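In what follows, a structure is listed as structure tokens, so that the remarks can point back to it.
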Amino acid sequence: MSKIYNTPLSYKLLHIHGVFVFKHWFSSVEINGEENIPNNASVIFAPNHQNAFTDAMAVLAATPGPVVFLARADIFAKSLVDKILRFLKIMPAYRMRNGIGNLKKNADSFEQAAQVLEHKEFFCLMPEGGQEEMRKLRPLVKGMFRIGFAVQDHYKDTNETVYIIPTGIDYASYDHSGGHMVINFGKPIKMRDYYDKYVENAPVAYNEIRAELYRRMSTLMLDIRTDDYYDTIYAACYIYNLDMLDEMGWEDNETNRLAARQHIAANLDEIAAMEKYKGDMKELDTMVKEWIKTRPAVEEEAIVREYGNDFDGSFLRALIHAFVFAVPAAVSAIVNAPIFALGKWACEKWTVGTGFYSTVALAVNMVIFPIYHFILMLAVGIPLCHYDGGNFPGWAYALVFCILLPWSYFFSYRYWWNFKFLWKRVKNLFRKDDLTDRIADKLTDLFSRLKEDRRNGITPQTESPKVAEDDTNEQD
């Protein structure tokens, strides 16, 4: 049987296709910190886990080579699915919920993971142990460190080390295409630096390294630590995003917008922890919850707010674009309708309440898109080859059709994204509401007072990073 760290040509071709579709699933993909990934080394990626298969694809799309993953064991239950997942370099990880008897099966997955690292292939394990659709870093579990130290033990008489790369992933939307994606790779953690402590006292070494990993991961993502005001802080991060960007004097791009949201969240987390701001936070909470009632798509509505409700040059350009490209967009949508319809049907049938909407939508599009287009190329392209086109031979028409077909798929998606945003701006023209400005003014006041408090040395008690409790019997 082929070793999972080997990469056949079929996987390489599928990898190229998958990454291409994935990167076009978003309006923009910004990757930072690629220089932090060592070459020809044992590397474990440690990303936050909020969006199932999409998180794995984010790592795969941002790294310079194939990546082997561990995933929850229950999705391997069917034989065909098991074979597909293993071909995709995904191995099962068993947890207590899978039954105590199954935990021993982890030995095989962990051994294969160790072989991957020893062969200098990339490995990825979600250190939170599961996914949750919240902009929050949850406690980390120990599985990653067990695998890493097992390999580091093989390197004990050499200068080699296992590297853990803290990774942060930020989405505009967990469910829908068309938003931004930011992938941040942090400075690597060298497991060799913790090896002596591991030999001396393994539980202490586990706790130290995962506390350091937690600290580094938190700086690479939007980590809202306050539970009581989570929704309020989340919405405030987007409502005040451009204001904070201007205040910091940063260039307007998605990486800097994420940094601005991190700054907003950190400030509000600090404010929420101070008794003197208790009344202010309740006032802000009331306003933001009222704002969310009519604006459930927080990220999109906040961006619309930045454009205001004026009929300006950008509005006119968007209208012209929508009008000029309406016919080709309609044709593209009709041609690709079976793909879109099947994706929507699959999501509604299989993902209600599961948190896997984006995973299924993306997977269906990745699989169906090339198959459907191949069938169309045969059904339409072959007859076109025999078409008497006058000045142009039939094969030229067939070639143009085959080139435009995949282009039409991505074009129809992007037109729809722009049209949705334009429609929100149209509605915004007739919205008479000063609530957003009042929220922004309140945040400006709070941040100004917080700065003054810091100058005067007034800060809340700093809490230690949240990590899983020390449990030497923990199985994950």
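Of the residues in segment 66-77, at least one is assigned to a loop (DSSP other than H, G, I, E, B), under 30 Å from Val367 (Cα atoms) and at pLDDT 90 or above. When Ala330 is tested against the conditions (1) more than 20 Å from Lys420 (Cβ to Cβ); (2) open to solvent by 40 Å² or more (accessible area, probe 1.4 Å); (3) without any contact (Cβ under 8 Å) to a residue 24 or more places away in the chain, the lone failure is (1).
The single condition from (1) touching a strand residue (DSSP E or B) at 6+ places or on another chain (Cβ under 6 Å); (2) within 19 Å of His176 (Cα to Cα); (3) buried (at least 16 other Cβ atoms within 10 Å of the Cβ) that Ile31 fails is (2).
Of everything in segment 130-145 that is of a type in the set (A, V, I, L, M, F, W, C) and in a loop (DSSP other than H, G, I, E, B), the residue that is nearest to the chain's Cα centre (by Cα) is Met134. Considering Tyr5, Tyr11, which residue is open to solvent by 30 Å² or more (accessible area, probe 1.4 Å), farther than 25 Å from Ala259 by Cβ and in contact (Cβ under 8 Å) with a residue 60 or more places away in the chain? It is Tyr5.
Annotation: Asp280 fulfils all but one of (1) charged (D, E, K, R); (2) open to solvent by less than 30 Å² (accessible area, probe 1.4 Å); (3) under 22 Å from the mean Cα position of the chain (by Cα); the unmet one is (3). Looking at segment 115-129, which of its residues are open to solvent by less than 10 Å² (accessible area, probe 1.4 Å) and in a helix (DSSP H, G or I)? Matches in segment 115-129: Val116, Leu117.
You will find that of Gly33, Gly18, the residue that is touching a Gly at 6+ places or on another chain (Cβ under 7 Å) and in contact (Cβ under 8 Å) with a residue 24 or more places away in the chain is Gly33 and no other. The sole residue among Trp416, Trp423, Trp407, Trp395 that is open to solvent by 90 Å² or more (accessible area, probe 1.4 Å), more than 30 Å from Tyr277 (Cα to Cα), touching a residue at least 12 places away in the same chain (Cβ under 8 Å) and of a type in the set (A, V, I, L, M, F, W, C) is Trp416. Looking across segment 264-277, the residues that are open to solvent by 20 Å² or more (accessible area, probe 1.4 Å), within 13 Å of Thr226 (Cα to Cα) and either touching a helix residue (DSSP H, G or I) at 6+ places or on another chain (Cβ under 9 Å) or free of Cβ contacts under 8 Å to residues at least 60 places away in the same chain (or both) come down to Ala266, Asp269, Glu270, Ala272. The condition (being more than 21 Å from Phe421 (Cα to Cα) and either among the hydroxyl-bearing types (Ser, Thr, Tyr) or open to solvent by less than 30 Å² (accessible area, probe 1.4 Å) (or both)) is satisfied by just one residue among Asp227, Asp285: Asp285.
Restricted to segment 220-258, and to residues there that are hydroxyl-bearing (Ser, Thr, Tyr) and within 20 Å of the chain's Cα centre (by Cα), the residue that is farthest from Arg449 (Cα to Cα) is Thr255. Note on segment 232-258: residues that are over 20 Å from Asp445 (Cα atoms) and open to solvent by 30 Å² or more (accessible area, probe 1.4 Å) amount to 7. Within segment 148-181, the residues that satisfy the criterion of being under 30 Å from Asn253 (Cα atoms), open to solvent by less than 10 Å² (accessible area, probe 1.4 Å) and either hydrophobic (A, V, I, L, M, F, W, C) or within 13 Å of the chain's Cα centre (by Cα) (or both) are Ile164, Ile165, Thr167, Gly168, Ile169, Asp170, Tyr171, Met181.
Taking Arg261 as the residue in question, decide whether it is within 27 Å of the chain's Cα centre (by Cα) and open to solvent by less than 20 Å² (accessible area, probe 1.4 Å). Here the answer is yes, as Arg261 does meet what is asked.
Residues in segment 4-48 that are of a type in the set (Phe, Trp, Tyr) and either in a loop (DSSP other than H, G, I, E, B) or closer than 18 Å to Glu121 by Cα (or both): Tyr5, Tyr11, Trp25, Phe26, Phe45. Could you look through segment 90-113, keep only residues that are assigned to a loop (DSSP other than H, G, I, E, B) and not small (Gly, Ala, Ser), and pick out the one that is modelled with the highest pLDDT? Per the criteria, the residue is Tyr94. Gly178 - would you say it is over 17 Å from Pro47 (Cα atoms), at pLDDT below 95 and of a type outside the set (Ser, Thr, Tyr)? In short, yes.
The values are calculated or read from the model by the stated rules, or taken from the named source; none is laboratory data. Note that the structure is a prediction, hence the values are computed from the model and not measured. Note that we place each Cβ from the backbone using ideal geometry, even for glycine, and neighbour counts take in every protein chain shown. In case anyone asks, the SASA skips ligands and DNA or RNA and just uses the protein heavy atoms, side chains included. Shrake-Rupley method; radii C 1.70, N 1.55, O 1.52, S 1.80 Å.
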